[in-house]
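Below: one structure in structure tokens.
The values are calculated or read from the model by the stated rules, or taken from the named source; none is laboratory data. Given the structure is predicted, the values throughout are model-derived calculations rather than measurements. Methodologically, a virtual Cβ is constructed for each residue, glycine included, from the backbone with ideal geometry; neighbour enumeration extends over all protein chains shown. The protein model used for the area step is the full one, side chains on, heavy atoms only, and it has no ligands, DNA or RNA in it. Shrake-Rupley method; radii C 1.70, N 1.55, O 1.52, S 1.80 Å.
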Amino acid sequence: MTLTIVRIYHDLLGTYGDQGNAEVLCHRARARGIEVELVEVTPGEPIPRSADIYLLGGGEDGPQLAALEMLRTDGGLKYAAAGGATVFAVCAGFQIIGESLPGSGGETISGLGLVDAHTHYPKSKRSVGELVIAPTRGGLPILTGFENHQGFTKLGSEMPALGRTLSGVGNGFYATEGVWHGNVIGTYLHGPALARNPELADSVLQCAAGPIAKFDDEFATAFAQERRQTLWSHEKTHPIVLGVGFSRGRASGLQFP
Ligand code: GLN
């Protein structure tokens, strides 16, 4: 089998280094003897409709809206996701695949609607720093990364979060972080997230390829462990309070602005 991975518009959605998620997936798939083709789609090029995994990264507001418009017009990502393809979308990418998000004038515009998630830009401080989450699905360890976003994303009641925020902000509502709905995963974790969390990379591969052989990349595992131990044990001894009415890692009860 050949796994086709599509990296979408990394010229627009590569501000935070999320393009590295593609390399991690290629490396971990090939280590299992799975052949991989990495397809780079630049703005203006059509999105392949029959690939296995689609990757979106984070970006600034302008490029994010440009990417959304092109994806909407192209229709390929939505088509592929409806057919069961795996989507891994980070930050701006996560907001793009939701139902709604702010447009250039602050008005609410429609996203691609792959997941029931609504993004708002509250007037509070931008969420910047390390993010630590406890995954909601079994079999995954604590996940870490960094976040840098203005948006808060509220999930629909049927949408499972990727995890519960232990430290940092994440979605900004009820200590949820990201989304994992079918084969679509969204998150605010940068790092790149799949380099910081090899176990999550394997979950993405499994969504697309089914059960995969065990593979221990000693260096990647040690790096992930070091971040987990440093950030989570640090947070337990130095709890940080972020902004008014918002405690890190606790359900905030924040309302829409
Ligand atoms: N523009 C979005 C926000 O600020 C996404 C930022 C990002 O991708 N890091 O919320």
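Would you mind stating whether Arg49 is farther than 22 Å from Glu147 by Cα, modelled with pLDDT of 95 or more and open to solvent by 40 Å² or more (accessible area, probe 1.4 Å)?
Answer is yes for this residue.
Tell me which strands (runs of 3 or more DSSP E) are completely within the range 160-257 and hold 2 or more residues being open to solvent by less than 10 Å² (accessible area, probe 1.4 Å), modelled with pLDDT of 95 or more and touching a Leu at 6+ places or on another chain (Cβ under 9 Å), or say none if there are none. Walk me through how you get there before you give the answer.
Working: elements: 163-167, 179-181, 184-187.
Hits in the range 160-257: 163-167, 184-187.
Out of curiosity, is Leu55 surrounded by fewer than 21 Cβ atoms within 10 Å (Cβ to Cβ), free of Cβ contacts under 8 Å to residues at least 60 places away in the same chain and either within 18 Å of the chain's Cα centre (by Cα) or farther than 27 Å from Leu143 by Cα (or both)? Walk me through it before giving the result.
Details: surrounded by fewer than 21 Cβ atoms within 10 Å (Cβ to Cβ): no; free of Cβ contacts under 8 Å to residues at least 60 places away in the same chain: yes; either within 18 Å of the chain's Cα centre (by Cα) or farther than 27 Å from Leu143 by Cα (or both): yes.
Against the criterion (surrounded by fewer than 21 Cβ atoms within 10 Å (Cβ to Cβ), free of Cβ contacts under 8 Å to residues at least 60 places away in the same chain and either within 18 Å of the chain's Cα centre (by Cα) or farther than 27 Å from Leu143 by Cα (or both)), Leu55 does not qualify.
Now a separate question. Quick one: which strands (runs of 3 or more DSSP E) sit completely within the range 58-147 and have at least 2 residues that are open to solvent by 10 Å² or more (accessible area, probe 1.4 Å), under 19 Å from Ile185 (Cβ atoms) and within 16 Å of the ligand (Cβ to nearest atom)?
Working: elements: 86-90, 100-102, 108-110, 117-120, 127-135.
Answer list for the range 58-147: none.
Under 9 Å between Cβ atoms, which residue pairs at least 6 apart in sequence (or on different chains) link something in the range 1-28 that is assigned to a helix (DSSP H, G or I) with a partner that is open to solvent by 10 Å² or more (accessible area, probe 1.4 Å) and among the aromatic types (Phe, Trp, Tyr)?
As it stands, the answer is Arg28/Phe215, since those pairs meet every condition given.
While we're here: Could you identify the single residue in Ile34, Ile8, Ile47 that is closer than 23 Å to Gly178 by Cα and among the hydrophobic types (A, V, I, L, M, F, W, C)? Working first, answer last.
Values: Ile34 fails: closer than 23 Å to Gly178 by Cα; Ile47 fails: closer than 23 Å to Gly178 by Cα.
After ruling out the rest, the residue left standing is Ile8.
Within the range 32-79, track down each residue that is basic (Lys, Arg) and touching a strand residue (DSSP E or B) at 6+ places or on another chain (Cβ under 9 Å).
Let us first name the residues in the range 32-79 that are basic (Lys, Arg), namely 32, 49, 72, 78.
Result: Arg72, single match.
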